[in-house]
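Trainee: The structure's right below; bear with me while I get my questions together.
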Amino acid sequence: MAEHGVALCPTLAAGDATTQYGGWKKGTDPEPAIIRRKRQSFAAALAAGVTIASGSDVGVFTHGDNVRELELMVAYGMPALDALRAATSVNARVLHLETQIGRVAASLQADLAAVSGDPAADMSALRQVSLVMQGGRIVRR
């Protein structure tokens, strides 16, 4: 994948959620084989330099809980800033939209969220949204 410039969108949160729906008690029960394999394949992709995009298959779990994907990326070994990039500039590049979205820059479209805390230090800070701007207008305080 790395050699051919193919990005991986691992959808870690989908497998994590469906395994819990199937009875796995995360944090209490041992990790099921399917979760161990997902963790191992993600680590192998990181080690190989594969481009990692972010997508969660949200709908398998509650809409608005997309941060689960980034939390798992970090838990599985991706540096927090790389996980944030996966959800922004990397996704834009993978989708060939980097001249339109993915960064805060003049002439790019940008929706912004302000959070309480530092997601680079603790990704769960993304759960504490204090402000949302869409198209330059505040839509949530």
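The values are calculated or read from the model by the stated rules, or taken from the named source; none is laboratory data. Since this is a predicted model, take the numbers as computed values, not measurements. For neighbour counting, all protein chains shown are included, and Cβ atoms are generated from backbone atoms with ideal geometry for every residue, glycine included.
Trainee: For ARG103, only one of the following conditions fails: (1) modelled with pLDDT under 95; (2) over 17 Å from the mean Cα position of the chain (by Cα). What is its number?
Mentor: Of the numbered conditions (1) modelled with pLDDT under 95; (2) over 17 Å from the mean Cα position of the chain (by Cα), the odd one out for ARG103 is (2).
Trainee: Give me a count of the residues in segment 71-113 that are hydroxyl-bearing (Ser, Thr, Tyr) and touching a helix residue (DSSP H, G or I) at 6+ places or on another chain (Cβ under 6 Å).
Mentor: Applying the first criterion (hydroxyl-bearing (Ser, Thr, Tyr)) to segment 71-113 yields 76, 88-89, 99, 107.
If we keep only those that are touching a helix residue (DSSP H, G or I) at 6+ places or on another chain (Cβ under 6 Å) too, we end up with 76.
Residues meeting the conditions: 1.
Trainee: Under 9 Å by Cβ, and 6 or more places apart or on different chains, what pairs join a residue from segment 16-31 that is within 20 Å of ASP57 (Cα to Cα) with one that is basic (Lys, Arg)?
Mentor: ASP16/LYS26; ASP16/LYS38; ASP16/ARG68; ALA17/ARG68; THR19/LYS26; GLN20/LYS26
Trainee: Also, quick follow-up: With LEU46, LEU70, LEU95, LEU84 as the choices, which residue is at pLDDT 95 or above, surrounded by fewer than 19 Cβ atoms within 10 Å (Cβ to Cβ) and under 23 Å from ASP122 (Cβ atoms)?
Mentor: So the residue among LEU46, LEU70, LEU95, LEU84 that is at pLDDT 95 or above, surrounded by fewer than 19 Cβ atoms within 10 Å (Cβ to Cβ) and under 23 Å from ASP122 (Cβ atoms) is LEU46.
Trainee: Look at ALA121 and say whether it is in contact with a Cys (Cβ under 8 Å, 6 or more places away or on another chain) and either of a type outside the set (Ser, Thr, Tyr) or surrounded by fewer than 16 Cβ atoms within 10 Å (Cβ to Cβ) (or both).
Mentor: no
Trainee: Take the residues in segment 12-26 that are closer than 18 Å to MET73 by Cβ and among the charged types (D, E, K, R), then tell me which one is surrounded by the fewest Cβ atoms within 10 Å (Cβ to Cβ).
Mentor: LYS26
Trainee: On to the next question. Does GLY77 satisfy being part of a loop (DSSP other than H, G, I, E, B), more than 17 Å from MET123 (Cβ to Cβ) and not aromatic (Phe, Trp, Tyr)?
Mentor: Taking the combined requirement at face value, the residue does not satisfy it.
Trainee: Let me ask something else about it. SER54 passes all but one of (1) surrounded by fewer than 19 Cβ atoms within 10 Å (Cβ to Cβ); (2) in a loop (DSSP other than H, G, I, E, B); (3) at pLDDT 95 or above; which number fails?
Mentor: Tallying (1) surrounded by fewer than 19 Cβ atoms within 10 Å (Cβ to Cβ); (2) in a loop (DSSP other than H, G, I, E, B); (3) at pLDDT 95 or above, SER54 fails exactly one: (1).
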